[in-house]
1. Is region 148-273 rounded, prolate or oblate when judged by the Cα gyration tensor, a ≥ b ≥ c being the square roots of its eigenvalues, rounded requiring a/c under 1.5 and prolate requiring a/b larger than b/c?
2. Specify the residue with the greatest mean-square fluctuation among Phe154, Phe111, Phe90, computed from a Gaussian network of the chain linking alpha-carbon atoms under 10 Å apart.
3. Please enumerate, by chain and number, the lysines with C-alpha under 16 Å from the C-alpha of Lys259, excluding those fewer than 8 residues away in the same chain.
4. Find out how many positive minus negative residues lie around Leu171, taking Lys and Arg as positive, Asp and Glu as negative, among other residues whose Cβ is under 12 Å from that of Leu171.
5. Which shape class applies to region 1-126: rounded if a/c is under 1.5, otherwise prolate when a/b exceeds b/c and oblate if not, where a ≥ b ≥ c are the square roots of the Cα gyration tensor eigenvalues?
6. Taking only C-alpha pairs under 8 Å that are 6+ residues apart, what is the relative contact order of the chain in percent?
7. To the nearest 20 debye, what is the magnitude of the charge dipole of the chain about its Cα centre, counting +1 on the Cβ of each Lys and Arg and -1 on the Cβ of each Asp and Glu?
8. Determine, for Glu26, Glu41, Glu181, the number of other Cβ atoms within 10 Å of each Cβ, and report the residues in order from fewest to most.
Amino acid sequence: MTTQQLVAQIRKKKSFLCIGLDVDLEKIPQQLLTEEDPIFEFNKAIIDATHHLCVAYKPNTAFYEAYGLKGWQSLEKTIQYLNQNHPEIFTIADAKRGDIGNTSRMYAKAFLEDLGFDSVTVAPYMGKDSVEPFLEFTDKHTILLALTSNEGAFDFQTISMEGKELYKQVLETSKSWKNSENLMYVVGATKAEYLADIRKIIPNSFLLVPGVGAQGGNLQDVCKYGLTDTVGLLINSSRGILYASNDQNFAVAAAEKAKELQQEMAAILQQSI
Ligand SMILES: O=c1ccn([C@@H]2O[C@H](COP(=O)(O)O)[C@@H](O)[C@H]2O)c(=O)[nH]1
């Protein structure tokens, strides 16, 4: 999916919501556990109930890898279901990969070609030759970790080297990489106060912003400094939507939470026009 197509979907749905499909078998309604593939059945119910309210889904691969072969098969079924039924929705494999070049090429092939995701998250710290193999997929997007939502982000990402914080160095250097126009960046919603500085370096790039909901990030704060002329934001919420209820009405409850965020986004978009 091109960035223009993503922006068109955002305008059409009045939403820049990304729903995180982080399925924890201990948190889903227990009656689903009798199904042959509880993870997929849960995802399917969530997707069926929320697809009109969001423009992206982001399965975090940890929640599938944790269940071995069965988990990987659930991930495969989930992305196939999305690509077949909702090809207009942007898909993100939140896998946080990155390795020496030939290994990165295999990661890129796994997520972007074999599974068929539109994008994959990548850690930047092994540098240019670890990221460019992902960028070789020019019809896909590589989402680079810039300033993450967790407390540990302050251990390295904000440390200054020669007067420049590491996350800023990542943003600036990555712009010189081949096919960098296909880069997006992760910035945590809990770090909204950094967005004005971030926008000085990457004024137009799309940002994937996790941390709204369970981590306490604020949508209004993120939009105040992060919004661009073409929106430029995908706001992720996972637990805050998925686990709104764990009774039989879980999908309806999830849709209600998603709708609250979508309506807040619609109001923000209307004001910014
Ligand atoms: O900086 C980051 C990068 C990734 N994540 C991931 O996003 C979701 C957030 O889930 P919530 O339940 O809405 O907190 C999850 O998959 C994280 O691994 C992040 O939170 N922060």
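1. It is prolate, given that a/c is not under 1.5 and a/b is the larger ratio.
2. The residue with the greatest mean-square fluctuation here is Phe154.
3. Lys12, Lys13, Lys14
4. Local net charge: +2.
5. It comes out oblate by the Cα gyration axes.
6. Reported relative contact order: 21 percent.
7. Dipole of the chain, to the nearest 20 debye: 680 debye.
8. Working: Glu26 6, Glu41 19, Glu181 12.
Arranged by neighbour count, lowest to highest, Glu26, Glu41, Glu181 become Glu26, Glu181, Glu41.
Taken together, the values in this text are just the output of simple stated rules run on the coordinates, not laboratory data. All figures in this text were calculated on a predicted structure; none of them were measured in a lab. Note that each Cβ is placed from the backbone with ideal geometry, even for glycine, and that neighbours are counted across all protein chains shown.
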